[in-house]
Structures are given as C-alpha cells and as structure tokens.
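Step one of this worksheet: look at the structure below.
The values are calculated or read from the model by the stated rules, or taken from the named source; none is laboratory data. If you're wondering where the values come from, they're calculated on a predicted model, not measured in any experiment. Using ideal geometry, Cβ is built from the backbone for each residue, glycine included, and neighbour counts are taken over all protein chains shown. All accessible areas refer to the heavy atoms of the entire protein, side chains included, with ligands and DNA or RNA removed. Shrake-Rupley method; radii C 1.70, N 1.55, O 1.52, S 1.80 Å.
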Amino acid sequence: EGKITSLIGPNGAGKTTVFNLITGIYRPDSGSIKFENAELSGRLPHDVARAGIARTFQTLRLFENLTCFENVLAGQHCRSSAGVVASIFRTAAQQSEEREVKGIAERCLRQVGLWSHCDELARNLAYGDRRRLEIARALAIEPRLLILDEPAGGLNERETADLMDLIQEIRGSGITVFLIEHDMHVVMGVSDWVAVMDEGRKISEGTPAYVQQDPCVIE
C-alpha cells in the first residue's frame, strides 16, 4: 500500500491477464482476489472501479469524439448518484454533485498537465497527451489502487521522463500504483517492488536491485 509495484516478464507471460482478473474483465477459474479484505473475484468491472481500483489499458481506450474534459468526467460515472429525473429538473443535489464532478475533472487534468487542452477532442491530441488523458480519467475515479498497463509504450524519451515524474507524484498523493512495463529504465527508476512472471508463474519478486541480480530473471 502506498508504493509502486511493477510486474515484468516476457510477452505472453500472463501480466495483462493478471490485470484483467483484478479488474473484473476475466473471471478466475479458482483462487481469490482480495482488495482491502473484500473479495473481488467474480465482480463486474464497474463494481471493481467503485471499490477503488482504476486502470489504463495497453491499447488506448479513450472516447475519441468527446473532449478531454468529457473523457475525464466519464471517469466519475461510478461515483455519481444523480438519476435521470434529478438531471432533467436540475435539483439542488444534482447541481451540487455536478459542480463537484467538474471540479474533480479539472483537478485531474491539471495534475497530468492537460488542462489547457480541456475542450479539445481526444482524437486530436498527440499520442503522449492521449496516454496522459487516460491516466487522468482513471484518477477521476479517485482510486486507492491505480493499475497502469504499459503506460510508456510508444512514448519518446522526454515523454517517458515526464511519465515517471507523474507516476511518482501519484504515489506521493497516497495512491498505490501497480504497473506493467517493458521499459526497464521506467521500472527500475520508479518501482519500490518488482514481481517477475514467466509462462503464467511468478518466478521472482523483491526490490529492483534484487530482481536485477536474480539468476532466474537473468536466465
């Protein structure tokens, strides 16, 4: 809790499968998945999000024809309670909730450095900005655990350095981060703990320095 853990291993090792199991996209055949003493196995993705777990995807999953601001507002959906009737009649409770939701969206966009692009369509952003927008949308859920699936994929050197700073800033805000990443510069630069998978099995875990020297990992 409150740390950055990276999950590494070759393609096909099962890393994204682990993320999909945690976030309710896959159901496990056996075993259990617990978060803050609550059982997650078999719960639907929106229930997992409501429980405090947000994620990004290896392949971007943005709403291309919505603005940056609207994309991040969507991240608050599982936290919102105003229904159709309240929204039609603009009740005091609905207006209060809307102000709060918009404030959270603004804060998340500012945190990732995209507030100046708030009214731009997601499809018009540069690739690195699109990656950060997906992180902002995940942060809008106000998670206690943030799962990032290869967030540095396709980024240039400058964008990667900015991403590392952002991940560490997120950890500094009290959010636990679980990361899949192939860029070992990122993994070794931000991780407090590293776990290694190969062919569906965990073969090693420890500090970055320990894992780097583990004979099983080197092999």
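Restrict the search to segment 166-209; then list the GluC sites (Glu not before Pro) that DSSP places in a loop and that have at most 11 other Cβ atoms within 10 Å of their Cβ.
When the GluC sites (Glu not before Pro) of segment 166-209 are filtered for loop state and at most 11 Cβ neighbours within 10 Å, Glu199 remain.
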- Message: Show me the trypsin sites (Lys or Arg not before Pro) within segment 45-82 that DSSP assigns to loop and that have at most 14 other Cβ atoms within 10 Å of their Cβ.
- Response: Arg61
- Summing +1 per Lys or Arg and -1 per Asp or Glu among the other residues with Cβ less than 10 Å from Arg130's Cβ gives 0
- Query: What percentage of the solvent-accessible surface of segment 1-88, computed with a 1.4 Å probe over protein heavy atoms, is contributed by carbon and sulfur atoms?
  - Reply: 53
- Mind checking the angle between helix 127-140 and the chain's longest principal axis? C-alpha axes, 0 to 90 degrees, to the nearest 10. 70
- Query: Each residue of segment 167-184 in order: what ³J(HN,Hα) in whole Hz does its phi give by Karplus 6.51 cos²θ - 1.76 cosθ + 1.60, θ = phi - 60°, with x for Gly and Pro?
  - Reply: 4, 5, 5, 5, 4, x, 7, x, 8, 6, 10, 10, 10, 9, 7, 8, 6, 5
- Query: How much length is gained if the chain between Ile25 and Ala38 is pulled fully straight, taking 0.36 nm per residue apart and subtracting their Cα-Cα distance, in nm to one decimal?
  - Reply: 2.9 nm
- Item | Cβ-derived FRET efficiency at R0 25 Å, Gln212 paired with Asp162, nearest 0.05 | 0.55
- If you take the beta carbon distance between Lys202 and Asp47 as r and set R0 to 22 Å, what does 1/(1 + (r/R0)^6) give as a FRET efficiency, to the nearest 0.05? 0.25
- In the structure displayed, which of Lys3/Lys202; Lys3/Lys102; Lys3/Lys34 lie more than 25 Å apart, Cα to Cα? Lys3/Lys102
- Where does the chain land at 222 nm, in deg cm²/dmol rounded to the nearest 500, when only DSSP H runs of n ≥ 4 count, each adding -39500 (n - 2.57), divided by all residues? -12500 deg cm²/dmol
- Task: Express the relative contact order of segment 31-158 as a whole percentage, based on alpha carbon pairs under 8 Å and six or more residues apart in sequence.
- Result: 41
- Query: Averaged per residue, what accessible area in Å² does the chain show with a 1.4 Å probe, protein chains only?
  - Reply: 52
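If contacts are Cα pairs under 8 angstrom and at least 6 residues apart, what is the relative contact order of the chain in percent?
32
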